[in-house]
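Scroll down for the structure; my scribbles are underneath it.
The values are calculated or read from the model by the stated rules, or taken from the named source; none is laboratory data. If you're wondering where the values come from, they're calculated on a predicted model, not measured in any experiment. Every residue, glycine as well, gets a Cβ built from its backbone with ideal geometry; the counts of neighbours run over all protein chains shown.
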Amino acid sequence: MRRRLLKLTSVVFAFSGAFGASPVFAKTALEAIEFAPHRAVYDLKLVEGADAPEVSAARGRLVYEFLGSQCEGYSVNLRFVTEFANPEGKTQLVDQRMTSYEAGNDSSFRFLSETHVDGKLVENVEGSADTSDKAKTVTLKKPEDVSFDVDKLVVFPTSHMKRIVAAANDGDRLLNVDIFDGTDGGDAVYKTTVVIGAPDKDVLFDAGPSLEKVRFWPVSLSYFESAPKERQEQQPEYVLQMKLFENGVTGDMTMDYGDFAMKGTLDELELLEQSACTD
C-alpha cells in the first residue's frame, strides 16, 4: 500500500514501433509541438465499486504548474495532497511535492521531490539526468549519492508527452515508450504502453478559460516495471486514463491501481503567458 501511495506523483504527470525503443519522430516535428504554460487544480476522490480492502475512502487535491518553452526548457511544480482511510477508520495524509526542469531538446532533466506521510518526511529525492552519445546518465544526490546509466532512447516527461501528441497527430493509436521521471526513489525506468482514442473537442467551463477550440484525445497510459519479462506476461503497475489536449493540458483523469482507483476532475485552469523564443 505505501509503495503505491508514494507512486501517486508519477502516475499523474509522467506522461508519455518496437517495444523497448522510443518511436522515431523527426526532430522538427517534436520541436513544432509547443505546450501552453498553465496552472491546473484537480479534485480527486475514490472511485466507488472498486475492490479495495485497504482503502475505504480517499480524497485529495492536486495543483500542477507547467512553465517554459522549447527554447528555454520546461519547469514543473506539483503538489499533491491526499487523505486515505482504511475500513477501521484510520486515516493517513500523504503530501507530495515535486519540482523539475527539462531541457527543450530532451538532453537533460533535473528533479527534486519530497513525500510526507502524516507530517513526517518519508522520502526525499534529488538528482539529475544528462544525455551522452551512448546513454542517459542519472546522478542522484538524495536519498544517497549514486550514478547509473539508462538507455539513450529513454525519454523525460515532457518529451514523453510530446511523443504522444505527435503520434496522435499522425493518426497512430498505439505507442510504446520508456520513461524516466525521477519518481519512485529516482532510480526507476518505466515501460509505457499508450492507447490513443479518436480526437474530440471539449468545453471545460461555462465561463473563464476554455479549451473548446483545442482538440483532445482520450488516452490510456499503462505503466510497467522495467523487468526482464515479455510485455504480455506483465500486469501494469497502474493505468492512467485522461483527456490530453493538444496544448499539453490534461483534463479529467482516472488513476487505476488495480484494487482501487481515483478520479481527478479538473476544477480550475489558468492559462499563463507564453514567453517568446529568441534566436
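In region 196-224, which residue that is at pLDDT 90 or above and outside any strand (DSSP E or B) is farthest from residue 112 (Cα to Cα)? If we take residues in region 196-224 being at pLDDT 90 or above and outside any strand (DSSP E or B), then 198 is farthest from residue 112 (Cα to Cα).
If we scan region 148-159, do we find a residue that is among the polar types (S, T, N, Q) and either surrounded by 20 or more Cβ atoms within 10 Å (Cβ to Cβ) or in contact with a Lys or Arg (Cβ under 6 Å, 6 or more places away or on another chain) (or both)? The answer is yes; a qualifying residue exists. On the stretch given as region 231-275, residues that are over 13 Å from the mean Cα position of the chain (by Cα) and not in a strand (DSSP E or B) total 17. Residue 148 - would you say it is of a type in the set (A, V, I, L, M, F, W, C), under 25 Å from residue 64 (Cβ atoms), in contact with a strand residue (DSSP E or B) (Cβ under 6 Å, 6 or more places away or on another chain) and part of a strand (DSSP E or B)? For residue 148, the condition - of a type in the set (A, V, I, L, M, F, W, C), under 25 Å from residue 64 (Cβ atoms), in contact with a strand residue (DSSP E or B) (Cβ under 6 Å, 6 or more places away or on another chain) and part of a strand (DSSP E or B) - is not met.
Scanning region 117-149 for residues that are among the β-branched types (Val, Ile, Thr) and under 19 Å from the mean Cα position of the chain (by Cα) yields 125, 138.
Restricted to region 168-195, and to residues there that are surrounded by fewer than 21 Cβ atoms within 10 Å (Cβ to Cβ) and among the β-branched types (Val, Ile, Thr), the residue that is modelled with the highest pLDDT is 195.
Restricting attention to region 84-111, the residues that are among the charged types (D, E, K, R), more than 25 Å from residue 130 (Cβ to Cβ) and surrounded by 15 or more Cβ atoms within 10 Å (Cβ to Cβ) add up to 1.
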